[in-house]
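Student: Handing you a structure now.
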Amino acid sequence: MNEFSASRQRRDLWIRAGVTMIELLVVIGIVVSVSTIGMRFMQSVGKSQKAMSAQTNLQMEARRAFDKAVEQVREGTELVRPYTGETLPFLIFKDIVNRTTILYLEPNNPASEKLNRRVYKLVSYRTNYTGSYDSRNEKVLLDAVRGMTFTSLSPNGVQVNAAVIHEQDEFQFLAHIGLMNLGGLE
Amino acid sequence: MIASGTNSRRRGVALPIAFLALILVIGMVTSISTMNQGLKSQVFHSSNNQWSFLLAYSAMSRLLAKIHAGAWAQRPFATAPYRETGVPLQGGTYDLFVENTPGHPFQADIYVKTSLAGASRLYFWRITFNDDLLDVSNRIIVEFFKAGESGDFPAAAGPSRFSRTVDDLLAERAANQKKSDEMAVTLDPVTTAKQALEQLGGRAPTPFTKTYPSNPGDTPYPNRPAPTFPVVPPPTNGEVPTSPGPGPSTPLPVDPSFPTMPAAPIPTDASMFDLNKQVKTITDAAKLANEKYNTGKDVADEGTGGNWAEANPILNEAEEARYKAMAGMNELVSLASSNLLNAPSAEAARATEEMVSSTMVTAYQDIVGGVSRAFEDFGKSKEITAGLTNSAAAQELLDGWVGTLDGLTKSQQATNDLMDKIDTFSKTPEVATAQAEAEKALQAVVDSVKQAIEDAKAKLAELKAKEEAEKKAQEEAEAAANGGTQGGS
């Protein structure tokens, strides 16, 4: 009898240890609250993530182009245009093997169509002195540029002022690039 | 007892579920943050490229300081390559290898391999040491720079694959120097990229296919010209010190003015422009001289020959053109000499020298070619003198030719003196050969005139002897005739 009674008591306890309505409501309440907070947090994180990603991509693209331009211009030895104190929308310089290179903006029609505004490409062309065009000497350094100017502040340095655009954003950068000084180090 | 035991065992699953949900949220936030961090790290990684170069440049500057500290003979790599390995700097490390450039005295090859943020890069400089005690400020000249693969860092002394590549690039650089200088002159007046591309042989940029709204503030960039410096007039009288000062007073001049500074040519782009302009003047004048000499001789040869009356005015024009060319050549050497003093590099100086020597020799060839044509008849001196019938004509011809030789010798001397001025200038083998041939051709003209004079002298002596003999025979005949008459009477 005692053993039977003890067994029944354990079964009752098992039944009573299940989820009650109150407990279920409390759990649902907590989960809904946490989910709501989590969702709102996720949304804000998602928005900032998207904005940051776009901004970072833009910066990365600008940085990549900047690195390319720096790499090209740094191996230049002599500025041909602009002269010191002059500002031009293009840059002409001689490189280490005395090939003359120009960086200039060319209208980018597909991007302009997409953004419904004037968009340019930054293109570099390196002459081979034959007078004829060689597509192998042409490179696109940057796809979407709103504008770019080159100012020569010294015979060995050029300041680049550029606005890179994106579908949703625009990124401005200013850089001073020094040419390789083959005339002597000071 | 049982009830209390039962209450203590009562627990739900709400807290574990809530805890699990929190872990999920935290996990998601962490993963998003990690993704952001990845993007950020890419940005930082790209800037390492710049940083790495600065690191290498600093390493090279340290080495240059060591070279500057002593004589070139005491450089650390004088007898064997100098190495530094794993030197920490600016958050990274660098390896340095320096050796004398094989086959080039006073030059050194510097290799710097940087290690920064797990990436390794190689930078190379070839420098020239200017061993000039009077110019200690600019002793080291960078001849070449190139970035390469870290695997090209040399392990042993001697020419490497990388240094041979550099030699090739330097040769290409020297070959392109003249073309690039000429291109720079043509790019001087351009104002748009389109014009520049035309000169460079590039593709004309495609225009916008339709009109797009302009961006705010997107006004066309004006071509902002270089600022012109204002002309500062000399100070007026009021700015001249009027204090008497110690010692006897010296009255001020009525109109004090600054002494006139001698106008020293300042070699700039403008002087390079002058140089190119001068080259054209010389080339044109020398070509004109050649053309006129040939035309004059053609006119002289018309008909039966000897049409010198009509030919002489043309030949005089040729002489004028020759003087103009020679004056231009003299000016060109002066301009080039001042330009070379401030040449930006050894290659630029060599290119200028080659351009000047090439121009001078071309003009020299044109002039000598014309003179040779005009004086070609002296090669037929024997035929000319053979036609002489009396000593008076022979003497006249001889006097004329002696005068011609005098003028020709002076011209030859002046021309050769002019060409001697470019003896120290760099010349291509073709130009040097052309100059030697032109000198030889001019000497041949002088020699032909000298030979003609000798022929004329011989002819004169022959005619004189003949005339003397004739005279003597005549006198004897007259004497005989007179004697016969007297005897008869």
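Student: Would you mind computing the Rg to Rh ratio of region A:116-186 from its alpha-carbon coordinates, Kirkwood style for Rh?
Tutor: Reported Rg/Rh (Cα atoms, Kirkwood Rh): 1.07.
Student: Same structure, new question: For region B:140-210, build the convex hull from the C-alpha positions and give me its volume per residue in Å³.
Tutor: Taking only Cα atoms, region B:140-210 has a hull volume of 186 Å³ per residue.
Student: Further, regarding this structure: In Å, what Rg and Dmax follow from the Cα atoms of region B:375-489?
Tutor: Expressed in Å, the Cα Rg and Dmax of region B:375-489 come to 23.9, 91.
Student: Turning to a different aspect of this structure: Counting only the backbone N, which residues of region A:96-137 are under 11 Å from the spot 7 Å out from the Cα of residue B:206 toward its beta-carbon?
Tutor: Answer for region A:96-137: A:107-111.
Student: If R₀ is 56 angstrom, what is the calculated FRET efficiency for the pair residue B:464 and residue B:424, using the beta carbon separation as r and rounding to 0.05?
Tutor: Numbers: r = 51 Å, r/R0 = 0.91.
Efficiency, from the Cβ-Cβ distance: 0.65.
Student: May I pose another question? Could you name the lysines whose alpha carbon sits less than 29 Å from that of residue B:457, not counting residues in the same chain fewer than 8 places away?
Tutor: B:297, B:380, B:382, B:410, B:440, B:466, B:471, B:472
Student: Could you give the nm distance between label points at residue A:138 and residue B:390, where each point is 7 Å from its Cα heading toward the beta carbon?
Tutor: Each label point is offset 7 Å from its Cα along the Cβ direction, giving 8.3 nm.
Student: Determine how large the accessible area of residue B:68 is when every protein chain is in place; take a 1.4 Å probe and give Å² rounded to the nearest 10.
Tutor: Residue B:68 exposes around 80 Å² with every protein chain in place.
Student: May I ask you to derive the FRET efficiency for residue B:21 and residue A:55 from their Cβ-Cβ distance with R0 = 25 Å, giving the value to the nearest 0.05?
Tutor: Given R0 = 25 Å and the Cβ-Cβ separation, E is 0.20.
Student: What is the mean projected area of the alpha carbon convex hull for region B:341-442, to one decimal in square nanometres?
Tutor: Values: hull surface 30.2 nm².
Result: 7.5 nm².
Student: What distance in nm separates the simple spin-label points at residue B:40 and residue B:291, each placed 7 Å from Cα in the Cβ direction?
Tutor: 7.5
Student: Per-residue Cβ counts within 10 Å, from other chains only, averaged over B:29-35: what number is that?
Tutor: That average works out to 2.
Student: On alpha-carbon atoms, Rg over Rh for region A:80-158 using Kirkwood Rh?
Tutor: Details: Rg = 14.0 Å, Rh = 13.7 Å.
Answer for region A:80-158: 1.03.
Student: Quick one: grab the alpha carbon gyration tensor of region B:385-443, order the square roots of its eigenvalues as a ≥ b ≥ c, and give me rounded if a/c is under 1.5, else prolate or oblate depending on whether a/b is larger than b/c.
Tutor: oblate
Student: Total accessible area buried between chains B and A, 1.4 Å probe, in Å² to the nearest 100?
Tutor: Answer for the B-A pair: about 6900 Å² buried.
Student: Further question: Given the pairs B:277/B:450; A:68/A:114; A:94/B:66, which are separated by over 27 angstrom at their Cα positions?
Tutor: With Cα atoms farther than 27 Å apart: B:277/B:450; A:94/B:66.
The values are calculated or read from the model by the stated rules, or taken from the named source; none is laboratory data. This is a predicted model, so every value here is computed, not measured. Positions of Cβ are generated from backbone atoms using ideal geometry, with glycine treated the same way; all protein chains shown enter the neighbour counts. Heads up: the accessible areas ignore ligands, DNA and RNA and are worked out on the full protein's heavy atoms, side chains in. Shrake-Rupley method; radii C 1.70, N 1.55, O 1.52, S 1.80 Å.
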